[in-house]
Amino acid sequence: MPGDGARRCRHCGDGELQDGTETLSLELPRSEVTASAAVPALRCPSCGDVQIDRELAQRFELAVCCELADAGVGSGEALRHMRKALGLRAAELARLLDVTPETISHWETGKAPPNRAAFVAVCAMIQDARDGRTTTRDRLAVLTDGCAYPRALAVKLR
């Protein structure tokens, strides 16, 4: 019988979870891009269920997106993957980029190449998310809402 601190399998409830590693991998459909990383995981010896920390899996997704951006992979497929990694619906991204949802669809399905400036904005949002910030997304949201030109600004020097 496992001790009081034993971690039980959420799938079968029988097995005591054991520490190990698992390979996270990602292959973008319609491209030859693949990525993988070995990460810590918990495995159930009874049913074989593998548990990976959700935050770690999300960090992997964001790291893949940053690599795509840094490599200049500006395809619609990469854009779709980045949008999903950010947790944005196509309509939300369209609003932030000041385009129609149909435009996002055309970019993501390859009917039209993504706009370069829009792609760079999405890449900046990915970098922010990886670094735990929302700076670019917040700036795009403010621009979307439209603000009057301020009469005065308070500036903080760092």
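Pairs linking a residue in segment 68-96 that is over 21 Å from THR134 (Cβ atoms) and free of Cβ contacts under 8 Å to residues at least 60 places away in the same chain to a residue that is surrounded by 18 or more Cβ atoms within 10 Å (Cβ to Cβ) and among the charged types (D, E, K, R), with Cβ atoms under 9 Å and 6 or more positions apart or on different chains, are GLY76/GLU108; GLU77/GLU108.
Consider segment 112-158 and keep the residues that are of a type in the set (D, E, K, R) and part of a loop (DSSP other than H, G, I, E, B). The one that is nearest to GLU102 (Cα to Cα) is ARG133.
Here's the yes/no breakdown for (1) under 13 Å from the mean Cα position of the chain (by Cα); (2) surrounded by 18 or more Cβ atoms within 10 Å (Cβ to Cβ); (3) among the polar types (S, T, N, Q):
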| position | (1), (2), (3) |
| --- | --- |
| ALA37 | no, no, no |
| GLU55 | yes, no, no |
| ARG59 | yes, no, no |
| LEU79 | yes, yes, no |
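Computed from the coordinates by the stated procedures, all read-outs in this text should not be read as laboratory data. It should be emphasised that the depicted structure is a prediction, and the values quoted were computed from it without experimental measurement. With ideal geometry, Cβ positions are generated from the backbone for all residues, glycine too; neighbour counts draw on all protein chains shown.
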